[in-house]
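Some notes on the structure that comes next.
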Amino acid sequence: MIRHLLSCADLDAGTALEILDTAAEMATVAGREVKKLPALRGRTVVNLFYEDSTRTRISFEAAAKRLSADVINFSVKGSSVAKGESLKDTALTLQAMGADAVVVRHPASGAPYQLADWVDGSVVNAGDGTHEHPTQALLDAYTMRSRLGRLAGLSVAVVGDVLHSRVARSNVLLLSTLGAKVTLVGPPPLIPVDIAAALAPGAAVCYDLDSVLPQSDVVMMLRVQRERMNDSYFPSAREYARRYGLDGSRMRRLPEHAIVMHPGPMNRGMEITSEVADSPRSTIVEQVANGVSVRMAVLYLLLGGNNR
Amino acid sequence: MAYPPAAHSPTTRQPSVKVILTSADVQRVVDRIAHQILEKTQGARQTVLLGIPTRGVPLARRLAARISAFEGVDVPVGVLDITLYRDDLRQHGTRAVGPTDVPAGGIDGRRVVLVDDVLFSGRTVRAALDALNDVGRPASVQLAVLVDRGHRELPIRADYVGKNIPTALAESVRVTLAEPDGVDEVRLYGGDR
Amino acid sequence: MTAYLITNVSVLGATPTDLLIREGVVAETGVGLTAPGAVTVDGTGLVALPGLVDLHTHLREPGREDAETVETGSRAAALGGYTAVCAMANTSPVADTAGVVEQVWRLGREAGLVDVQPIGAVTVGLAGERLAELGAMADSAARVRIFSDDGHCVADPRLMRRALEYVKAFDGIVAQHAEEPRLTEGAQMHEGEISTRLGLTGWPAVAEEAIIARDVLLAEHVGSRLHICHVSTAGSVDVLRQAKARGVQVTAEVTPHHLLLTDEKAVTYDPVYKVNPPLRTAADVAALRTALAEGVVDIVATDHAPHAVEDKECEWAYARPGMLGLETALSITLDVLGPRWDLIAERMSRTPARIAGLTEHGHDPAPGAPANLTLVDPAARRVIEPTELASRSRNTPYARMTLPGRIVATFLRGEATVLDGKAVK
């Protein structure tokens, strides 16, 4: 097993499937009266969050607590300008506190890599800048597998602001490793031209959502910030929604079995309409529940043994 | 699964090997335990067999099959994975978690018979009791093992024992079963015999 | 004044000879020289080069004396074989007045290890809005001739045109940091496959090339000299090649790190590799090496940029760009060009001295020439240890790399600044 979870590029197919299989066992705990396992008793997990992300933080917190770990939440407010204590000093503090794992969310791409150099414990990347969000990709893969029964051979369309999306990067890497065919869809300024070469040679790029839908088993809609239009990535929210938003009529062009995913939080009316988000094809609520199981699996596999 | 995991003790001499139970012995022993369970549980009423991976699981299935053959009673069989309850997780690399499969009727109010291959320190059974506690509240819990090799470290005893084998700590007991291993056999390794 | 007799030394790779240095000049050359009272330096196996001249150094004083001072930077320069360095203007306060450039110039004189030639800012506070008092800096004791907003681009085309025109009055030259700011907002590294994978905002090659293309046209239009700092892309080389073919008075520099390192270095997110302009691709490195050998790129300049530990031991996005260069530049140029000593002298001493108007520098060791020279052991190989560098900072990208060549001695106007590979003061 790997020592840290920093990038989906570090996961080979065997390790990724081990995480998903372990998550499936962890999921059975959620259905029990006693939602607790003793596996990480006496271990300390620190949630180090430099960005507000209540949903990711509570998901990791629930995961760690269900495994009986002690959880310390460490929220660092403030922008990069008024950053206060340095990441290195914070790392040394966590080290002194005996953190066995640090779950880190940070606005700067790569910050978890540096943290991993400065602490002895395992580092879990809970989203770094516009780089990666590996546990999100794992829970997405878990959700696809539980809905569709497989990952190999699936056609997955990832739609929206790929350029700024850590979710997209992690998903392209992981899904390609697991044998799915990924197509990235969005307005050209938001799709890096060299994304396939950079991440997965098998990935495809398409600027026309309607042509991709009939062949897709999964459509993953990414959050698109309205502010991007102020930087000329697209002219207006209305034009974006018209060309790349998923509404009821587009959803009906999907194959019967296809599912719709969104990592949340959603911009209803922008990249996805309520009709789609609330439809039976939508896995958005399942994704949240699966997040806890997948994070339990990751924490167990990183901390469950003497992997030093 | 033997616990601690059966390992050859390092020795410069060629370790001795001794077959304790042959294939025919194993079948006889399973038949006997099945009969004993029927006797002690008033015909296996309200009884659930839970196998502890790895080799407790096929043993539990065989016991259920023999009980069915003898009395026509279908005893629910399940799997109780104890990995996450072990007290030695940190002494090894991370162990893979196996499935826990509790029969549809659950275990609340039932008589649970835990089934394992070798009873040694008692720590596996301790972990199994903890795991059971999180899955439900059985009326009572019993323990069936193919081999009891002694050296208990906890106050635990088996209700059904296939064979008692006095061993030295340096020795190890290996159980193989047809389902995972191809052949039914119990062997004793090591020591200076 | 001490006299030095350097025996059996190869001047620019020629047959070994002796060099007598006396009264600040090379007094005599020839085999079997004797000079009673002179200190003898055994030059066997060593190559004598004209003292190196760096057109692009950040000495950080005034303002960031925790990262470097004129004195520590001068010592690093001497140990790197330099006898003159041009100190960039982005200090705090900015070197945009006669007062600041004279202060830097005076600190350089006091340190006495290299000639420190201040560069003046083009615009007030490097803000890119209005011209600094370029004439006052030119007329000051520092006699400033190079003007640069380095760290920032003079992006406004009209302001750039005026600056190019204005400095003609005192034979000045504008050294442009070519970076279209609107194309590099938030940029962290070269825009390409690696930046896409790492999720770091890209610094596209076109942001450099567009400014160089614009500025060579402007320089051509107004008939001025133009110097381009730290050229980093193959496309920039193409623009320069065409401009030079048309006769535009443009010169260009390349840094050692752009000749050796690529954007692949960023994959560990270690900010020691963060630099502006960023490390580019292997194809860019190859084009720059060819351009340097051909002379399309005229010189090697270090862009020596010391930074305090806390400005580098942090998140990549928050780290300051820049890397040390003075103590490793000759080794890397030797590695890249091979032992072509005349070419090395041209790219690292004569041409930069000519661009900067430093008439005392860039002369081959010959009778009557100012004794500004350095002795290199080309056979030595050394492992770079950051803690052993003379710079006050540690941000070298070459840590634990083995590089060829070692500076054994450096002489500034006949005085040894480095002997036996150690700074004399």
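Annotation: amide H of B:Val113 within the under-5 Å range of B:Val48, B:Leu49, B:Leu50, B:Gln142, sequence separation 5 or more or interchain, hydrogens built in the peptide plane. Rounded to the nearest whole Hz, the Karplus-based 3J(HN,Hα) values (6.51 cos²θ - 1.76 cosθ + 1.60, θ = phi - 60°) of the stretch C:365-375 follow the sequence x, 8, x, x, 6, x, 7, 10, 8, 9, 10, with x at glycine and proline. The residues packed around A:Thr283, meaning those with a beta-carbon under 14 Å from its beta-carbon, carry a net charge of -1 if Lys and Arg are +1 and Asp and Glu are -1. Derived scalar couplings between HN and Hα for the stretch A:289-306 equal 5, 5, x, 5, 4, 5, 6, 4, 4, 5, 5, 5, 5, 7, 10, x, x, 9 Hz in order, rounded to whole Hz, by the Karplus curve 6.51 cos²θ - 1.76 cosθ + 1.60 (θ = phi - 60°), x for Gly and Pro. For the stretch B:23-167, the pair-distance distribution built from all alpha carbon pairs, in bins 5 Å wide starting at 0, is 2, 10, 20, 23, 21, 14, 7, 2, 1 percent.
Considered as an equivalent ellipsoid built on the Cα gyration tensor, the stretch C:30-91 has semi-axes of 34, 13, 9 Å, the largest given first.
Relative to its residue count, chain A spans a Cα convex hull of 126 Å³ per residue.
Shown for the stretch A:7-121 is the translational diffusion coefficient from the Stokes-Einstein equation, using the Kirkwood radius over Cα pairs, a temperature of 10 °C and a viscosity of 1.306 mPa s: 102 µm²/s. Dimensions of the stretch A:134-284 based on its C-alpha atoms, expressed as ranges along the principal axes with the largest first, amount to 40, 35, 27 Å. Where q = 0.16, 0.22, 0.23, 0.26 Å⁻¹, what log10 of I(q)/I(0) comes from the Debye formula for the stretch B:55-141, counting one point per Cα? The Debye formula, applied to the Cα set alone, gives -0.69, -1.20, -1.28, -1.48. Amide hydrogen proximity for C:Tyr82: with H placed 1.01 Å from N in the peptide plane, the residues at 5 or more positions away or on another chain lying under 5 Å are C:Leu52. According to the Cα-based calculation, Rg over Rh for the stretch C:205-329 is 1.01, with Rh computed by the Kirkwood formula. Calculated [222 nm] ellipticity per residue, helices only, for chain C: -7500 deg cm²/dmol; basis is -39500 (n - 2.57) per DSSP H run with n ≥ 4, divided by all residues, nearest 500. Cross-link pairs exceeding 27 Å between alpha carbons, from the set A:Lys88/C:Lys274; C:Lys274/C:Lys425; C:Lys168/C:Lys244: C:Lys274/C:Lys425. Distance distribution note for the protein assembly as shown: the fraction of Cα pairs above 35 angstrom is 63%. When restricted to Cα atoms, the stretch C:208-254 yields an Rg and a Dmax of 9.3, 26 Å, respectively.
In the stretch A:117-163, one over the average inverse separation of all distinct C-alpha pairs is 13.1 Å, which is the Kirkwood hydrodynamic radius. Potential lengthening of the chain between C:Val267 and C:Lys425 amounts to 52.9 nm, from the contour at 0.36 nm per residue minus the alpha-carbon distance.
Stretched out straight at 0.36 nm per residue, the stretch from B:Val17 to B:Arg137 would grow longer than its current Cα-Cα span by 39.0 nm.
Backbone amide hydrogens, once placed in the peptide plane, bring C:Val25 within less than 5 Å of C:Ala371, excluding anything fewer than 5 places away on its chain. Both the radius of gyration and Dmax for the stretch C:178-219 are 11.6, 39 Å, in that order, over alpha-carbon atoms. Name the residues of the stretch A:31-48 whose amide N is less than 19 Å from a point 7 angstrom out from the Cα of B:Asp87 along the C-beta direction? Zone members listed by number: A:37-43. Specify whether the C-alpha gyration tensor of the stretch C:20-151 places it in the rounded, prolate or oblate class, a ≥ b ≥ c being the square roots of the eigenvalues: rounded for a/c under 1.5, otherwise prolate if a/b is larger than b/c and oblate if not. Because a/c hits 1.5 or more and a/b exceeds b/c, the stretch C:20-151 counts as prolate. Ordering B:Ser16, C:Ser10 by the number of other Cβ atoms within 10 Å of each residue's own Cβ, fewest first, gives B:Ser16, C:Ser10. Bridgeable aspartates and glutamates around B:Lys163 (alpha carbons under 14 Å apart, same-chain partners fewer than 8 residues away excluded): B:Asp25, B:Asp31, B:Asp116, B:Asp117, B:Asp148, B:Glu185. Please work out the Cα center distance from the stretch B:70-115 to the stretch A:244-299, rounded to the nearest Å. About 35 Å separates the Cα centre of the stretch B:70-115 from the one of the stretch A:244-299. Cβ-Cβ distance of B:Asp25 and A:Ala152, R₀ of 41 Å, FRET efficiency by 1/(1 + (r/R0)^6): the value works out to about 0.35. Computed 3J(HN,Hα) for the stretch A:122-128, one whole-Hz value per residue from the Karplus formula 6.51 cos²θ - 1.76 cosθ + 1.60 where θ = phi - 60°, is 7, 10, 10, 7, 9, x, 10, glycine and proline marked x. Length available on full extension from A:Ala197 to A:Ser279: 0.36 nm per residue minus the Cα-Cα distance, which gives 26.0 nm. Per the Debye calculation on chain C with a single equal scatterer at every Cα and no solvent contribution, log₁₀ I(q)/I(0) for q = 0.13 Å⁻¹ amounts to -1.09. Where only DSSP H runs of four or more residues are counted, chain A gives -11500 deg cm²/dmol as its mean residue ellipticity at 222 nm, each run worth -39500 (n - 2.57). Contact order for chain C, expressed relative to its length and based on alpha carbon pairs under 8 Å spaced 6+ residues apart, stands at 20 percent.
Any read-out appearing in this document is the output of simple, stated calculations on the displayed coordinates, not a laboratory observation. What you see is a predicted model; the values in this text were computed from it and never measured. Note that we place each Cβ from the backbone using ideal geometry, even for glycine, and neighbour counts take in every protein chain shown.
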